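S.K.: The structure that follows is given in the form of structure tokens.
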Amino acid sequence: MFEKLYQSSNFIAKRESSYDLTGGNEDKKEIAPGETLVLANLEGPGKIVHIWCTIAAEQLPLFNRMLVLRFYWDDEETPSVESPIGDFFGSGHGMEADCKAQPINSVNGGKGRNIFFEMPFVKKARLTVTNEGKFPVRSFYYNIDWQQHISLPKDIMYFHAIYRQEFPTTIGNDYVIADIVGQGNYVGTVLSVEKAEKPGWYGEGDEKIYIDGEDYPSIWGTGTEDYFLTAWYPHVYHSPYSGFSIYEGINRPGNKLTGYRFHIQDPIPFTKKLKFVIEHAWTTKNEKFCDNYSSVAYWYQIEPHNIRTPFPDANSRRPKYPEEVLYDDYWEKGNDKKGY
């Protein structure tokens, strides 16, 4: 990594940002309900090397789940990145929390969001954020650092990050984190769990990764907290490639967890397809606990991609037991404890 610093560079360093065009200090954008803000329209060949943003949205409950990032590479019609902004930066459930990893680094309680995954593109890149909530975002600040190149290797793979959820999980079925068609490298996971009615430990659930259509997974782990590189039980911690940004326990309905694991030193290659699932109970029958699971999978692949799972709408993305978040009229009409 550091050897690049003393080698000659063949690119032009550039930035797209929300800076005040008048020269003042209003370096922000407002986002009305239903509005899509275009963060960048870049002409390639190029490579995004860093994105930073911070948000002030006091009127918008759960803005970390209501704001959705979508990134489009070259001429594709469907996004390669589609995720609520909080989950994308390592904090689930619409909450804000630190995520101090090497590729994603969110600090000051999760308010300063950074991602360092490199994102190359040949022709163009279009980055947007959409407010899918009912109230405005007062301030959205951002910097997108990118490199303009003369050319890029012909065999580059494109960055992808896709959000999925299942509220609650299904008895008898593993929770699906990623179901990818194509050739690429799997590079990371953010997993969030919210306890439903039945208290207890779901974390004996093993991860399983099926590569290129195999019937038996090449990778079969030993438990949820083991996948996130700790032991015996989750706890809030941060390291370069793994950690838990949120952990509230397992014995009360609404207890929440978010873990992150990045495969930087151990990427998982695939040539045809990859399916990544995780058990959500004590056994492969997945019959003891059915909690609320959501996740973001990160990978690189040769285009075109084939995202087969519809993106959930704003109301369905709400946690069932909101905590430490603002309530709005959605809950006033329902159960104020369960959130529906």
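A short reminder: the numbers here are calculations on the coordinates, not readings from a lab. Model, not experiment: these values are computed from the prediction. All Cβ positions, glycine included, derive from the backbone under ideal geometry; neighbour counts span all protein chains shown.
S.K.: So what's the chain giving for Rg/Rh, alpha carbon basis, Kirkwood Rh from the mean inverse pair distance?
M.R.: 0.96
S.K.: Here is a further query. Can you flag which of K100/K208; K28/K100; K208/K275 are past 19 Å Cα-Cα?
M.R.: K100/K208; K28/K100
S.K.: Anyone know which of P319, P120, P199 comes out most mobile in the 10 Å Cα GNM of the chain?
M.R.: P199
S.K.: Please give the net charge around D74, taking every other residue with its beta carbon less than 10 angstrom from that of D74, where Lys and Arg add +1 and Asp and Glu add -1.
M.R.: Net of charged neighbours comes to 0.
S.K.: Taking the beta-carbon count within 10 Å as an exposure proxy, list H149, H305, H160 from fewest neighbours to most.
M.R.: The most exposed by this proxy come first: H149, H305, H160.
S.K.: Two-decimal Rg/Rh of segment 160-308 from alpha-carbon positions, Kirkwood Rh?
M.R.: That ratio equals 0.95.
S.K.: Which whole-Hz couplings ³J(HN,Hα) result when phi for each residue of segment 248-254 is put into the Karplus expression 6.51 cos²θ - 1.76 cosθ + 1.60, θ = phi - 60°, listed in order with x for Gly and Pro?
M.R.: 10, x, 9, 9, 10, x, x
S.K.: Cα to Cα, under 17 Å, and not fewer than 8 places away if on the same chain: which lysines meet these conditions relative to K47?
M.R.: Those lysines meeting the cut-off are K4, K14, K123, K124, K154.
S.K.: Measure out, as a whole number of angstrom, how far apart the alpha-carbon centroids of segment 114-137 and segment 18-61 sit.
M.R.: 9 Å
S.K.: I need the peptides 105-113, 124-132 ranked by packing, meaning the mean over residues of other C-beta atoms within 10 angstrom, with the highest value on top.
M.R.: 124-132, 105-113
S.K.: Build a GNM of the chain with springs between Cα atoms under 10 Å: which of G243, G172, G90 gets the top mean-square fluctuation?
M.R.: Of the options given, G172 has the highest mean-square fluctuation.
S.K.: Step through the residues of segment 123-137 one at a time and calculate ³J(HN,Hα) from phi using the Karplus curve (6.51 cos²θ - 1.76 cosθ + 1.60, θ = phi - 60°), rounding each to whole Hz and writing x for Gly and Pro.
M.R.: Using θ = phi - 60°, the values come out as 9, 6, 9, 10, 10, 9, 9, 10, 8, 9, x, 9, 10, x, 9 Hz.
S.K.: For every other residue with a beta carbon closer than 10 angstrom to the beta carbon of T54, add +1 if it is Lys or Arg and -1 if Asp or Glu, then tell me the sum.
M.R.: That sum, taken over residues with Cβ under 10 Å, equals +3.
S.K.: In the Gaussian network model of the chain, springs joining C-alpha atoms below 10 Å, which of S245, S18, S83 carries the largest mean-square fluctuation?
M.R.: Of the options given, S18 has the highest mean-square fluctuation.
S.K.: Using the 2.2 N^0.38 Å rule of thumb for compact globular proteins, work out how segment 140-222 stacks up: its C-alpha Rg over that value, please.
M.R.: Segment 140-222 yields a ratio of 1.53.
S.K.: Okay, helix-only estimate at 222 nm for the chain: each DSSP H run of n ≥ 4 adds -39500 (n - 2.57), divide by all residues, round to 500 deg cm²/dmol; what do you get?
M.R.: Only helices count here, giving -500 deg cm²/dmol.
S.K.: Taking the Cα centre of the chain as origin and charging only Cβ (+1 Lys, Arg; -1 Asp, Glu), how large is the dipole, in debye to the nearest 20?
M.R.: Dipole of the chain, to the nearest 20 debye: 160 debye.
S.K.: At most 13 other Cβ atoms within 10 Å and a DSSP loop assignment: could you name the GluC sites (Glu not before Pro) in segment 52-101 that fit?
M.R.: E58, E77
S.K.: Next up: What length, rounded to one decimal in nm, is gained on full extension from M1 through to N251, with 0.36 nm per residue of separation minus their alpha-carbon distance?
M.R.: This chain segment gains 85.7 nm when fully extended.
S.K.: With only Lys, Arg, Asp and Glu charged, each at its Cβ (+1 for the first two, -1 for the last two), find how big the charge dipole of segment 160-308 is about the Cα centre; round to the nearest 20 debye.
M.R.: Its charge dipole is roughly 260 debye.
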